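Following: one structure in structure tokens, then a few remarks.
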Amino acid sequence: MTEITFESLNIGPDILKALAKLNYVSPSAIQAQAIPFLVEGRDVIGQAQTGTGKTAAFAIPILEKVDTSLPEIQAVVVCPTRELALQVADEFRKFGKYKPNLSIVCVFGGEPIERQQLALQNLPQIIIGTPGRMLDFLWRGTFHLNSLKTVVLDEADEMLNMGFRDDIEKIFDFLPSPRQTVFFSATMPPAIMALTKLYQDNPEWVRIEPEPVSVAQISQTYVEVFQKQKPQALIQLIQQYDLKLALVFCNTKHQVDSLVQALHKAGIAVDGLHGGKLQNIRERILSKFRKGQIEILVATDVAARGIDVRNVQAVINYDLPLDEESYTHRIGRTGRAGQTGQAFSLVAGHQFKMLKQLQRQHTIVKETLPGIQGGPPPAGKPTDKAPVKLHKPRRRRKPKPSQQAL
């Protein structure tokens, strides 16, 4: 079988030189399969997990086709978070280092719009950004997409999970036709497939099966709690098992921030990661976690994508994830390289339904903590709330007959 190389994918010398500098020896599976279709201009659905090299899979073809002699926007990449947008922009700049006159602008919220507006006045060839800020610029008329050739939705499943579907559809209203439309996503739920049918033309589906995560070395337990007891239960777990390097997963940015504050007050070395953190701050936090300067890292699934830290003692699901695949990938961050690991889940109220689904695939046993009590809600009863007091309706008294009637 002939080995696939970047040279065999008909990539130009400028990009090959950059790849060589980055020690990219041979393409990954997603790159080898997707790049030829994308270079041809075909619409593509790329399904692959984070860490498989999918950014290069769409960045290299875009850079190969972009005409840097033209001050026109030729490609747009939409990402769910500003940290991911910054990462993708950085990758584009590395791969396009030797392309003369290449201009890339990254736009995202949380930063003064005027600075980004100034950068856009020079009409870059490639714009990378988050849905809200990109839509804001389009509404303002800061740039137009009449010359657009390619649009990419990166981490499309996360964009929908974060509630960006309306923004995405509004962005597509500004795009010209015909164009090349590319979706990259770790999973392909029905909502993503509905978008592909709306916006793609006979796409090629490139699917890379994720490597199985071994959980054989991971002890999995859950603790029944009331929602308000979760911070106390988490602190008890950390202290009881003397955790010095652990990942805690929450489902929202707000929960990450409030939990970090609670753990700080308990004297625990902790920090948090979520989509609201800038890339340089994110890298600083990860560096401290790898060095053991932070004992507990609290994160959302989006921010934790791509985190690879060895010797993680435990993963704690402060909130259960929304699906079994996410659970498996969460707990797979411990118990690596033949080591043992622990996975704990704090389960309250409505989350017991998800727990039962997970127990069909995983052996998750109950654990008790002193002073912590909880349990699944009775059928049809409200969860983690005070009981609703019902009042009997008052009986209306019959009016007394008037004296005249008597």
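Leu237 passes every criterion in (1) within 18 Å of Thr150 (Cβ to Cβ); (2) touching a strand residue (DSSP E or B) at 6+ places or on another chain (Cβ under 7 Å); (3) of a type in the set (A, V, I, L, M) apart from (1).
Listed here are the residues, each with its yes/no results for (1) crowded, with 24+ Cβ neighbours inside 10 Å; (2) among the hydrophobic types (A, V, I, L, M, F, W, C); (3) in contact (Cβ under 8 Å) with a residue 24 or more places away in the chain.
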position	(1), (2), (3)
Val25	no, yes, no
Pro36	no, no, yes
Gly53	no, no, yes
Val66	no, yes, yes
Glu72	no, no, yes
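For the range 318-352, a residue qualifies if it is more than 23 Å from the chain's Cα centre (by Cα) and in a loop (DSSP other than H, G, I, E, B), and the qualifying residues are Ala337, Gly338, Gln339, Thr340, Ala348. When Arg284 is tested against (1) of a type in the set (Lys, Arg); (2) modelled with pLDDT of 90 or more; (3) assigned to a helix (DSSP H, G or I), just one condition goes unmet, and that condition is (2).
Taken over the range 176-192, the criterion of being modelled with pLDDT of 90 or more, surrounded by 15 or more Cβ atoms within 10 Å (Cβ to Cβ) and in a loop (DSSP other than H, G, I, E, B) is satisfied by Arg179 alone.
Assessment of the range 102-111 against the conditions (farther than 30 Å from Pro321 by Cα, small (Gly, Ala, Ser), surrounded by fewer than 20 Cβ atoms within 10 Å (Cβ to Cβ) and at pLDDT below 95) yields no matching residue. In the set Thr196, Thr187, only one residue is farther than 19 Å from Thr150 by Cα and β-branched (Val, Ile, Thr); that residue is Thr187.
Filtered by the rule that a residue be outside any loop (DSSP other than H, G, I, E, B) and touching a strand residue (DSSP E or B) at 6+ places or on another chain (Cβ under 6 Å), the range 96-119 gives Ile104, Val105, Cys106, Val107, Gln116, Ala119.
Quick check on this structure: which one of Thr196, Thr142 is touching a residue at least 60 places away in the same chain (Cβ under 8 Å) and either of a type in the set (S, T, N, Q) or part of a loop (DSSP other than H, G, I, E, B) (or both)? It is Thr196. Screening Ile168 with (1) in the same structural domain as Asp319 (by TED's automatic domain parsing); (2) β-branched (Val, Ile, Thr); (3) within 30 Å of Leu84 (Cα to Cα) gives one miss only, at (1). If you go through the range 11-46 and keep only what is assigned to a loop (DSSP other than H, G, I, E, B) and among the hydrophobic types (A, V, I, L, M, F, W, C), you end up with Ile11, Leu22, Val25.
The values are calculated or read from the model by the stated rules, or taken from the named source; none is laboratory data. These numbers come from a predicted model, not from an experiment. A quick note on method: Cβ atoms are made from the backbone with ideal geometry, for glycine too, and the neighbour counts reach across all protein chains shown.
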